[in-house]
1. From the phi of every residue in segment A:23-35, what ³J(HN,Hα) in whole Hz does the Karplus formula 6.51 cos²θ - 1.76 cosθ + 1.60 yield, where θ is phi - 60° and glycine or proline is x?
2. Radius of gyration and Dmax for chain B's Cα atoms, expressed in Å?
3. Once the Cα gyration tensor of segment A:60-113 is diagonalised, what are the square roots of 5 times its eigenvalues, in whole Å and ordered largest first, as equivalent ellipsoid semi-axes?
4. Take the protein assembly as shown, compute every pairwise Cα distance, and split them into 10 Å bins from 0; I just need the percent in each bin.
5. Over the whole of B:42-53, what's the average partner chain Cβ count within 10 Å per residue? Rounded to a whole number, please.
6. If you take the beta carbon distance between B:Ile111 and A:Lys83 as r and set R0 to 41 Å, what does 1/(1 + (r/R0)^6) give as a FRET efficiency, to the nearest 0.05?
7. Which value in Å is the Kirkwood Rh of segment B:1-54 over different Cα pairs?
8. Could you tell me how many cubic angstrom of Cα convex hull volume segment A:1-72 has per residue?
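Just so you know, all these numbers are worked out from the coordinates, no wet-lab data involved. Bear in mind that the values here come from a model prediction, so they are computed numbers and not experimental data. As a convention, Cβ positions derive from the backbone with ideal geometry for all residues, glycine included, and neighbour counts pool all protein chains shown.
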Amino acid sequence: DGGITQSPKYLFRKEGQNVTLSCEQNLNHDAMYWYRQDPGQGLRLIYYSQIVNDFQKGDIAEGYSVSREKKESFPLTVTSAQKNPTAFYLCASSTGTANSPLHFGNGTRLTVT
Amino acid sequence: GEDVEQSLFLSVREGDSSVINCTYTDSSSTYLYWYKQEPGAGLQLLTYIFSNMDMKQDQRLTVLLNKKDKHLSLRIADTQTGDSAIYFCAERVGGGYQKVTFGTGTKLQVIP
């Protein structure tokens, strides 16, 4: 079955440490996205990539970094510069064409103490 | 800029219809989507409507779009306890990178 896999489901880190969240898709989608979800705030776009080796900042990119070396993979690093990293992180992908909806993974809940 | 608003909470009795409302501000929206999120999970696409349509029906789901008022609604007929979840509307604005903006989500509680 095709889909998007995010791992791990739960992640705990100490303040000051960088942490990388994994996102892999086997849907052959060109575009991939990272969103952050906080209670009562909906989803906010962190980074997106429309094609391999290219990515752009979203609305809240500060304190985050990404890479897109392979079509299937779009890892997100939460750096120590991110002031409030505790959140639910969602990865999504789409074909990138005009009417293609986003397909989501099951998310990673990151807790930083 | 884009802004999508939803009420935060809706409670209905099992078997009744649920209507979840959404307003958006960008008149250049191309597609509007409804997603469902169950606890601790990602978002699941329920249905979508193209901006030149007024209505779309898909089994128990009916989407109504009032483009003049920039108002979108999702009606769930015969609501079941399994429909309890958070529902997000989202708009896609056309252009080179077609940005998708999500609302804050409406938590639907179905009372048995």
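1. Whole-Hz 3J(HN,Hα) from phi for segment A:23-35: 9, 10, 10, 10, 8, 6, 7, 7, 9, 9, 9, 10, 10.
2. Looking at chain B, its Cα Rg and Dmax stand at 13.6, 46 Å.
3. Numbers: eigenvalues 114, 35, 21 Å².
Whole-Å semi-axes of the equivalent ellipsoid: 24, 13, 10.
4. P(r) over the protein assembly as shown, rounded to whole percents: 8, 33, 35, 20, 4, 0.
5. Working: counts 15, 12, 2, 4, 1, 1, 2, 0, 2, 0, 0, 0.
Across the residues of B:42-53, the mean count of other-chain Cβ atoms within 10 Å is 3.
6. Values: r = 39 Å, r/R0 = 0.96.
For R0 = 41 Å, the calculated efficiency reads 0.55.
7. 13.4 Å
8. Numbers: hull volume 8.4 nm³, N = 72.
Expressed per residue, the convex hull around the Cα atoms of segment A:1-72 is 117 Å³.
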